[in-house]
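Presented below is the structure to which this report refers.
Read-outs: derived from the displayed coordinates by stated rules, not from any lab. For clarity, every value in this text was computed on a predicted model and none was experimentally measured. In this analysis, Cβ positions are derived from the backbone assuming ideal geometry, glycine residues included, and neighbour counts consider all displayed protein chains.
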Amino acid sequence: MNGDEHKPIGHQYALAMLKGGEERVRILASTNGSQTTLDAFLRVQDEEPVPAFLHSALCAMSLPTKRPKDDTQPIVREDGKYALAINPRPVLQNIDGKSVLKSLGVPYGAYPRVALIYLLSQAVMKQSRDVYLGRNFTEWMRRLGYQTVSYGPRGTANLMREQVDRLLACEWQIRWDGTEADDNAFAVRDVKISNEYAGSLDKNGAFAREIRMSEAFYSHLVDHAVPLNEVAIRELKGIPTALDLYTYLAYRLPRIGSDKGQIISWDQLAKHLGNEADSKRFRQTVRETMQIVSAVYPNANVDLSGRKVVLHPSPAPMERKFVGPHLRLVGQDAPETAPRSSVAPGAVLAKLPAKASEPVWAFPSGSLRFGEREKAFRDIGLSKGHPWDIDRMAEAFRTGFPGIKRERSDAEWMRVWESFVVRYAERRANKGDD
């Protein structure tokens, strides 16, 4: 396979799909894969991506994967400019008929990760601090992708309930000391995800159907949300390390500017993932975990084979097409048009250089809802892309347009952006999306 057998299995499946379609993927899986990775790969390729979001700080720093020895103590993650503290504040509980202040402990494992992604995704997509959970706990669990919901001491419902209560009772401190222009430095101190949450059951014993996210947390979430694919989250929902690796790569890879990539140490990666295992065991765990992660994120170009971890610039997980030099067939030219079907083949891609007299800029990196320069882009999005969300359109554009890193005049950007918005709105309308 010309060295392809050393790539993560998701990369191998993608190459097989490009060369011979699904049949060739199945043949490869029978000799060099597993049913789990095959099923995950095919489901992610077959289903339309569903947007999900997570705060960038929580992509870079993870919750504990296992219950800490003393889970009532704060969890602190720190690595250079990143810092995250999770403080399990005591809550008022009724124990044997008496009101007692007691710490529930820090959240850990896969359940709070899945719940957190759901809560934050709903807030971002609905553009509201009020997040609806469901009519009852079973319905909410199914919304999270758990088709079989069991009750009892070790049932999935009670395990999730415990972790959600832990998650929302904690206070969070997040520090992000930016040193580069695009770092978007910020700090959030002593906030809860939801100030008004009193437990998954209200005082009458009924399911709390809705939570209201705290204003401080919500405001920072809107500015620092990282797009994920909910279909991939469903495939990884039982593996905390896989969720951590996926969300970390989803945050980091699309932001790498150098074609040479970025080199980090295994110790740095361990700090990001919150893993305290010895170095040899950690490397083995990550390499094994990358197999299932690559199945749901085959565009992730990461080299885990050496003494250092090499991260290469890669498209965001919402991109369905196989793009990037690590997935192209040998001798195949790089695509000259956007890989996403939302850009019309005949769209004006503005390949000519701007006139010398015109200043050139990058496409706006943040929300299009605010800012003077963003106003022109915002007006096009609102008029040509109605009723679709302008920031979701902008994220799709940043993901799918191959020349997104090149600086252009605003006039050029307007032509490209307007063509994209028109086609995006047409495609979504034809699909009958909500």
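Would you work out the charge dipole size for segment 31-151 about its Cα centre, treating the Cβ of every Lys and Arg as +1 and the Cβ of every Asp and Glu as -1, and quote it to the nearest 20 debye? Mind dumping the intermediate values first?
Working: 15 positive and 11 negative charges, 87 e Å.
In debye, rounded to 20, segment 31-151 gives about 420.
Annotation for segment 207-289: trypsin sites (Lys or Arg not before Pro) lying in DSSP loop with at most 12 further Cβ atoms inside 10 Å of their Cβ are K260.
Listed by chain and number, the lysines placed with their C-alpha closer than 19 angstrom to that of K384 are K375, K431; residues fewer than eight positions away on the same chain are left out. Subtracting the Cα-Cα distance of R135 and E47 from their residue separation scaled by 0.36 nm leaves 29.0 nm. Modelled label positions at D39 and R255, each set 7 Å beyond Cα in the direction of Cβ, lie 3.4 nm from each other. Checked against a 27 Å cut-off, the cross-linked pairs K102/K280; K192/K237; K7/K271; K7/K126; K66/K126 give Cα-Cα distances beyond that limit for K102/K280; K7/K126; K66/K126. Computed extension gain for R175 through R212, at 0.36 nm per residue and net of the alpha carbon distance, reaches 11.0 nm.
Under a Cβ-Cβ cut-off of 14 Å, what is the net charge of the residues other than Q147 that fall near it, where Lys and Arg count +1 and Asp and Glu count -1?
Values: positive: R43, R142, R143, R234, K237; negative: E139, E235.
In short, +3.
Under 5 Å from the amide H of M213 lie the amide H atoms of D130, V131, each residue being 5 or more positions distant or on a separate chain, with H modelled from the backbone and absent for Pro and chain starts.
With the charge dipole of segment 216-284 set up from +1 on Lys and Arg Cβ and -1 on Asp and Glu Cβ about the Cα centre, the Cα lying farthest toward the positive end among the listed residues F282, G257, P240 is that of F282.
Within segment 51-126, none of the chymotrypsin sites (Phe, Trp or Tyr not before Pro) combine a DSSP coil assignment with at most 16 other C-beta atoms in a 10 angstrom radius.
Rounded to the nearest whole Hz, the Karplus-based 3J(HN,Hα) values (6.51 cos²θ - 1.76 cosθ + 1.60, θ = phi - 60°) of segment 211-217 follow the sequence 10, 10, 5, 5, 5, 5, 5, with x at glycine and proline.
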